[in-house]
Amino acid sequence: MMEAVAEPKSVYLQDFQARDRSAEPAWWETRREAAMQRFEAAGFPTRKVEAWKQTRLGNVTQEHFRPAPAPGSLGGAAEQRLAVVDDAVRIVLVDGILDTGRSDLERLPDGLRVRTLAAALQEDGGVAEQHLARHADAEPHPFLALNTAFTTEGTVIEVTSGAAPEQAIELVNIMTADSAGVASWPRVLIHGATSSEFTVVQRHEGADGAAYLTAPVTEVIAEANCNVRLFHYVDEGDSGSHLGVIHATLDRDAQLYAHAMHAGGQRVRNDIYVNLDGPGASATLNGLYLVHNGQFSDIHTWVRHNADHCSSRQLVKGVLEGKSESVFDGLIQVAKGAQKTDAEQENRNLLLSPKGLAHSNPRLEIYADDVKCGHGSTVGQLDEAAVFYMRTRGVSEEEARGVLTFAFANEMLDDMPLASLQTYEREALISLLPGEETVRKLL
Amino acid sequence: MALLEIRNLHAEVDGEEILKGIDLSLDTGEVHAIMGPNGSGKSTLAKVIAGDPGYEVTDGEVLLDGNNVLEMEPEERAREGMFLGFQYPVEIPGVSNTYFLKAAANAIRKHRGEPEVDAAQFLKHVRERMQLVQMDESLLKRPVNTGFSGGEKKRNEIFQMAVLEPRLAILDETDSGLDIDALRTVSHGVNALRSPERSFLLITHYQRLLNYIVPDTVHVMVDGRIVKSGDKQLAIELEESGYSLFEEGSAA
Ligand SMILES: Nc1ncnc2c1ncn2[C@@H]1O[C@H](COP(=O)(O)OP(=O)(O)OP(=O)(O)O)[C@@H](O)[C@H]1O
Ligand SMILES: [Mg+2]
């Protein structure tokens, strides 16, 4: 086979060079340049690239997505769902553009600072200059690099030492029916100072019919003993693509609880990187993907035990309906000095149809000797004996399947610490099920 | 007319014939016992009557009140008043016993054109029935059969039957593996539900059960056929002589 002789510049490099960069500080420009170069050098991954070999990127790499010139209009249903989390500090992006009117940054509780990315970039020596794109960008991820190169909209959250604001921060990202061809690059930087404790909810929802790309990156820096709860809810439109990154760096004794749910989208992939860098740090990653007929969903985790006495728990469940496909690819990496590591990983998949395809790849890389690491993965169908048992009690076949599916998936929602979001996510689950009405009575 | 009428029933699984022509007639208010050695097809018969899609009926009829049961879905049979107590009750993680019972009771009521159960009344009814089988109330909130001991599972079957009040209860080895106290409790539950409107088909391995629940008729099943029927005396003979007598007899 002949190699291609000269690679032309990508359309993204052309866009990058054509950008107006006048308002941006030099340090940010340098980081953007580096990211753009990384992207340009590697390009979009082919299916020969190990980390992307099972991800169905389809025409995402051929299309040329660009930021929306102006936000589209929200439908009534989307308008209804702007606020899900009770009493939250809220920031709303519509088609990737900040909507100040729908955001609510007033009434910030003590110890919590929330700014737009644009505002935070203007601060000399501030948290953005110290941290933005200095952690996540170590990862070779094409959409992460593009996000760093192109993001203009985003949120910078700082929680001061010892603060424990009760209000959650809810970041709402809505793609409208007008967003065909639109690229959205939301960027979130979260800095939790020593012993702070807080909750951030991110919701990504999109209208059906529009082929858009959203590639959000969330960078979390948790200082010593900080306790972060992150919720990530994705329900993109049936033609929308979501290729996102969550990247967390944990110092000693810091704790991360991350909960991700994929409820819809033509293709959704999340890479969740967790670096346990200080002794005693711990991370819980809970994931649930509900994959509708014709859709693709992918959760990649990268949990790295870089210090001793850290623990991590990963539990990811998937329900696949019709002809759909999913990937769970989970890394537990234990560095040489990371003794007394306690790491667990489990992935369970339920195929509602024989046409579903679930890939499950645990990856364990262990370089220390005094560790406890466990993993398990299953792909199965509903227990037919249980379906028959329920039917012999008068419950219809459809309802029996609905109830059993609900019970399987609901384990991921059962002890969610945020009741308003829990109710919301349960609805998303129930609406996927056969025998909806009966299942509703389970609650 | 008999409540349950089985005529020349043949059934197979994976192409292998298990039931080889069963005839049985059970009148309303009667208790019949079916006994037979391991693998003779007792559970198969129970599951075929209840509609397990894993078995294929190749010939014959099963009538409930003269209606063809074989054309009904398993849930329709249940709603028509049929109940199967499983030899091996199935665990259903994530679904509480209470929820399960309520879903079942409502499905049956809906079929009869009755309104849904009233929550308070239903709870009262459920509590009464728990006492009948001396089941611990904590089991109500637990997921169906999940982590239950063998005895708890069997009790739970009888408890479900007591709550749902079927016209025809088929109990597949509900007595197996029970200690004598549990056996007494379970038998007490069954006897308390005996009535002129209700019939039982007891499948058992052991004559001991029939000391507690006295049947009107005993059938002996060997190799997919009923080889002998008689009164309760037959069970006692069986206990003494074993099945070999019938096995030889049927081979001759
Ligand atoms: N689902 C199945 N798949 C394959 N073979 C089966 C299945 N169910 C039953 N059989 C076979 O059919 C025969 C009858 O089984 P069945 O369970 O009905 O017997 P049984 O009389 O209930 O026995 P036991 O006293 O052990 O409960 C056995 O040979 C059994 O192996
Ligand atoms: Mg049996």
Cα→Cβ-extended label distance, 7 Å offset, between A:E411 and A:T160, nm: 4.4 nm
Residue of A:G287, A:G126, A:G265 that the Gaussian network model of chain A assigns the largest fluctuation, springs spanning Cα pairs under 10 Å: A:G126
Report, in listed order, any pair from B:K47/B:K232; A:K48/A:K340; A:K317/B:K102; A:K340/B:K141; B:K20/B:K47; A:K53/A:K340 with a Cα-Cα distance greater than 26 Å. A:K48/A:K340; A:K317/B:K102; A:K340/B:K141; A:K53/A:K340
Quickly estimate the mean residue ellipticity at 222 nm for chain B, helices only: each DSSP H run with n ≥ 4 gives -39500 (n - 2.57), and the total goes over all residues, rounded to 500. -11500 deg cm²/dmol
Quick one: if you stick a label point 7 Å off each Cα along the C-beta vector at B:E71 and B:S244, how many nm between them? 4.8 nm
Percent carbon-and-sulfur accessible area, the stretch A:11-278, ignoring ligands, DNA and RNA, probe 1.4 Å: 47 percent
What does the C-alpha gyration tensor say about the overall shape of the stretch A:83-227? Classify as rounded when a/c is under 1.5, otherwise prolate if a/b is larger than b/c, or oblate. oblate
Order by accessible surface, 1.4 Å probe, largest leading, for residues A:R269, A:R134 comes to A:R134, A:R269
What shape does chain A have by the C-alpha gyration tensor, where a ≥ b ≥ c are the square roots of the eigenvalues, rounded means a/c under 1.5, and otherwise prolate means a/b greater than b/c and oblate the rest? rounded
Answer with one residue from B:L24, B:A78, B:Y55: the one whose Cα lies farthest towards the positive end of the charge dipole of the stretch B:1-80, charges on Cβ with Lys, Arg +1 and Asp, Glu -1. B:L24
At 222 nm, what helix-only mean residue ellipticity would chain A give, in deg cm²/dmol to the nearest 500, using -39500 (n - 2.57) for each DSSP H run of four or more? -6000 deg cm²/dmol
For the stretch A:256-297 and the stretch A:219-253, distance of Cα centres in Å: 8 Å
About the Cα centre, and with charges only on the beta carbon of Lys, Arg (+1) and Asp, Glu (-1), how big is the dipole of the stretch A:382-443? Nearest 20 debye, please. 180 debye
Net length gained if the chain between B:N38 and B:R127 were fully extended (0.36 nm per residue, minus Cα distance): 28.4 nm
In the Gaussian network model of chain A, springs joining C-alpha atoms below 10 Å, which of A:G330, A:G96, A:G374 carries the largest mean-square fluctuation? A:G374
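Return the average number of partner chain Cβ atoms within 10 angstrom of each residue Cβ along peptide B:74-80.
6
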Of all DSSP beta bridges having both residues in chain B, the percent classed as antiparallel (nearest 5) is 55 percent
Search the structure for amide H atoms under 5 Å from the amide H of B:I226, placed 1.01 Å from N in the peptide plane, and list their residues when 5 or more places away or on another chain. B:D23
Centroid-to-centroid separation of the stretch B:192-252 and the stretch A:53-67 [C-alpha atoms, Å]: 69 Å
So for the stretch A:382-443, using the alpha carbon gyration tensor with a ≥ b ≥ c as root eigenvalues (a/c under 1.5 gives rounded; past that, a/b versus b/c decides prolate or oblate), I'd call it prolate
Take B:S176 and A:K340, extend 7 Å from each Cα along the Cα→Cβ direction, and tell me the distance between the two endpoints in nm. 5.1 nm
In the stretch A:11-278 the DSSP beta bridges are antiparallel at a rate, in percent to nearest 5, of 10 percent
Förster radius 56 Å - calculated FRET efficiency between B:I236 and A:A77, Cβ distance, rounded to 0.05: 0.20
Alpha carbon centroid spacing (whole Å) that separates the stretch A:101-158 from the stretch B:29-66: 68 Å
One finds, for A:A26 and A:A177 with R0 = 51 angstrom and r their Cβ-Cβ distance, a FRET efficiency to the nearest 0.05 of 0.85
Output row, site A:H375, 7 Å Cα→C-beta label point, backbone N cut-off 12 Å, window the stretch A:255-290, residues none
Using R₀ = 51 Å, calculate the FRET efficiency as 1/(1 + (r/R₀)^6) where r is the Cβ-Cβ separation of A:R134 and A:S353; round to 0.05. 0.70
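The values are calculated or read from the model by the stated rules, or taken from the named source; none is laboratory data. On a predicted model such as this, the values are computed, not experimentally measured, just so you know. Positions of Cβ are backbone-derived with ideal geometry, glycine not excepted, and every protein chain shown enters the neighbour counts. Areas reflect the complete protein model, heavy atoms only, side chains present, ligands, DNA and RNA absent. Shrake-Rupley method; radii C 1.70, N 1.55, O 1.52, S 1.80 Å.
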